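The structure appears right after this line, and notes come after that.
The values are calculated or read from the model by the stated rules, or taken from the named source; none is laboratory data. Quantities reported herein were computed from a predicted structural model and do not represent experimental measurements. Note: ideal-geometry Cβ built from the backbone for every residue, glycine included; neighbour counts use all protein chains shown.
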Amino acid sequence: MRILCSALRTTVPAVLLASCATALLLQPAAAEPRPRPAAPSAPSAPSAPATSPVRSIRTSAGGGAVTSLPLTAAHTLAPRGTGRFELLGVGWDGPADALAGGSVRVRFRDAATGGWSGWYELDADGEDGPDTAAPGRAPDTATSSTPGAGAPRGTTAPLWTGPSDGVAVEVLPGPAGPPPGLRVELVDPGRGAESAAVRTLPGEAAGGGRRIGHQAPRPEIVTRAGWGADESIREPELVYTGPVREVFVHHTATATAYECSDGPRVIRAIYQYHVQSNGWRDIGYNFLVDRCGTVYEGRAGGTDLPVHGAHTLGFNTDSAGVAAIGTFVTDVPPPALVTGVTRIAAWKLGLTDQDAAGRTQLVSGSSGSLYPAGTTVAFDAISGHRDAFNTECPGNALYPLLPEIRAAAAVLQGR
């Protein structure tokens with residue numbers, strides 16, 4: 001999923017790039033603006049009465065919530081005050097590509113200053129997510145834990161807004177016309193669910209301990225309990241794929257200048273949007289890495305197990321998705337982040353004795369990818385999202401570093 005990020009402060013930069021998705025980051029006021037905002041229409045009123053009823057509120061433990069506000073017959077929502085939120089997106093009933101060829105613009109009100117942002121365009125053409133179905137399994141969608149579970153639904157890429165309390169939306173449908181149930185989804189990540197589970201898996205020293213084959217040392221990993229995941233909102237069934245032979249590297253298309261301590265809140269917002277808005281089983285990525293090199297557990301099921309994710313359309317089987325938190329089109333990835341991606345990729349691939357510097361073959365599970373369904377494709381064992389889908393993800397500054405990441409990962413594996 002392409003994830004877009006804007007400022008938290010009075011100055012409102014945003015990120016509006018065709019890139020992957022899954023995590024969202026906070027943008028400090030001093031950061032250089034990154035987005036390509038849509039041309040603004042005539043200025044709207046600072047605020048308008050709340051005339052549209054709240055359609056639904058789906059809550060999670062720790063104070064998190066996703067609120068849906070329906071759009072009018074004209075596919076708009078006039079500027080209005082709302083409850084507090086930090087991420088938004090537009091959803092609808094029906095296929096994920098129902099708005100293909102259309103456009104969606106949003107603006108929001110800063111909760112601290114009362115100032116309104118400019119207009120920002122959300123990506124309406126989903127570029128990643130679940131395949132139609134895992135081998136021998138049902139599609140990677142919720143079946144019981146969310147309202148309307150199992151029914152087709154689509155969403156735009158989400159936009160990280162920071163603390164906000166007002167929103168306006170304009171939708172221009174594509175050639176297929178407007179899908180039913182158009183709505184704006186407002187996500188409040190809350191403070192996070194409390195859990196007695198282990199919050200951090202300790203890392204292993206390089207060269208220490210007894211290794212099997214070419215197993216690399218495990219990096220320290222912040223668990224789902226560590227970032228405050230509410231386990232009650234995801235599907236309880238855990239779905240696994242075959243042995244992981246491939247790692248796809250993504251970036252989240254968010255600002256790169258952020259406080260790493262904000263990572264858990266950002267990840268909770270992504271999680272809630274993926275599950276409660278997209279209708280996915282769980283968060284799409286297997287792992288996320290912040291600019292300080294901290295590695296976070298993504299989808300539930302065991303960090304050392306081949307958990308089936310929803311990160312690279314067509315190639316979620318026998319692979320893992322690692323999302324670098326930030327936008328790396330022109331911004332150079334921090335060395336700590338590159339190291340974090342290297343370490344988690346080396347460890348994950350080493351569990352199956354897959355050479356991090358080698359190549360492997362996967363079979364496309366979706367014709368929506370670069371390759372028709374059923375096509376056998378040879379990939380580098382550590383590849384970028386763009387190698388499987390028509391996207392610039394993981395960005396023109398991170399993608400050229402993949403050969404370096406492969407070589408360093410192979411060294412960690414003792415090759």
Test: Arg299 is part of a loop (DSSP other than H, G, I, E, B), outside the structural domain of Ile57 (by TED's automatic domain parsing) and of a type in the set (Lys, Arg): yes
Is at least one residue of segment 362-378 part of a helix (DSSP H, G or I), touching a residue at least 12 places away in the same chain (Cβ under 8 Å) and surrounded by 19 or more Cβ atoms within 10 Å (Cβ to Cβ)? no
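For Arg386, indicate whether it is closer than 28 Å to Pro264 by Cα, free of Cβ contacts under 8 Å to residues at least 60 places away in the same chain, out of contact with any His (no Cβ under 6 Å at 6 or more places or on another chain) and among the basic types (Lys, Arg).
Values: closer than 28 Å to Pro264 by Cα: yes; free of Cβ contacts under 8 Å to residues at least 60 places away in the same chain: yes; out of contact with any His (no Cβ under 6 Å at 6 or more places or on another chain): yes; among the basic types (Lys, Arg): yes.
Yes.
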Suppose the filter is buried (at least 21 other Cβ atoms within 10 Å of the Cβ) and over 18 Å from Ala269 (Cβ atoms); does Arg105 pass it? yes
Only one of Gly301, Gly284, Gly279 that is closer than 22 Å to Ser232 by Cβ, under 12 Å from the mean Cα position of the chain (by Cα) and not acidic (Asp, Glu): Gly284
With respect to Ala357, determine if the residue is outside any strand (DSSP E or B), over 19 Å from the mean Cα position of the chain (by Cα) and surrounded by 21 or more Cβ atoms within 10 Å (Cβ to Cβ). no
Cβ contacts < 6 Å: first residue within 27 Å of Cys260 (Cα to Cα) and surrounded by 24 or more Cβ atoms within 10 Å (Cβ to Cβ), restricted to segment 308-331; second residue aromatic (Phe, Trp, Tyr) and at pLDDT below 95, any location; separation 6+ or different chain. Result? Ala310/Trp280; His311/Tyr285; Gly321/Tyr285; Ala323/Tyr285
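Count, please, the residues in segment 251-264 that happen to be touching a residue at least 60 places away in the same chain (Cβ under 8 Å) and either in contact with an Asp or Glu (Cβ under 8 Å, 6 or more places away or on another chain) or farther than 26 Å from Leu349 by Cα (or both).
8
Quick check on my filter: what residues within segment 230-271 are among the polar types (S, T, N, Q) and either in a loop (DSSP other than H, G, I, E, B) or modelled with pLDDT of 95 or more (or both)? Before you say what the answer is, go through the steps one by one.
Start the filter on segment 230-271 by keeping residues that are among the polar types (S, T, N, Q), which leaves 232, 241, 252, 254, 256, 261.
Result: Ser232, Thr241, Thr252, Thr254, Thr256.
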Scanning segment 342-357 residue by residue, those out of contact with any helix residue (DSSP H, G or I) (no Cβ under 6 Å at 6 or more places or on another chain) and of a type outside the set (S, T, N, Q) turn out to be Arg343, Ile344, Trp347, Lys348, Leu349, Gly350, Leu351, Asp353, Asp355
Scan Thr82, Thr51, Thr10 and give me the residue that is at pLDDT 90 or above and assigned by TED's automatic domain parsing to the domain that holds Val171. Thr82
